[in-house]
């Protein structure tokens, strides 16, 4: 989700229902987005963006999801797999992994 920029670009991508990363939306937020885009007064525009962000927070529109995928070396040839050697660290240290002697 590499949309860098200001609050308006983030709102457009994630909170406005026609945004590239939005799944669903709310009509009142959809009405506020073009309104803030047309606003020339910086303070009023900031207030509209803040209102959109606050509505998003109040409605809990986002749920953080973590998907940690990594290659794990586990098998009969592995002497010390190091998967759980560091608690809460999702990726093992390949340097610390040892193979059984042949």
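The values are calculated or read from the model by the stated rules, or taken from the named source; none is laboratory data. Computed from a prediction, not measured in an experiment: that's the story for all the values here. Please note: Cβ atoms are built from the backbone with ideal geometry, for glycine as well, and neighbour counts cover all protein chains shown.
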Within segment 27-68, residues modelled with pLDDT of 90 or more, surrounded by 11 or more Cβ atoms within 10 Å (Cβ to Cβ) and not in a helix (DSSP H, G or I) come out as 39
Scanning segment 92-102 for residues that are at pLDDT 70 or above and outside any helix (DSSP H, G or I), the one farthest from residue 66 (Cα to Cα) turns out to be 102
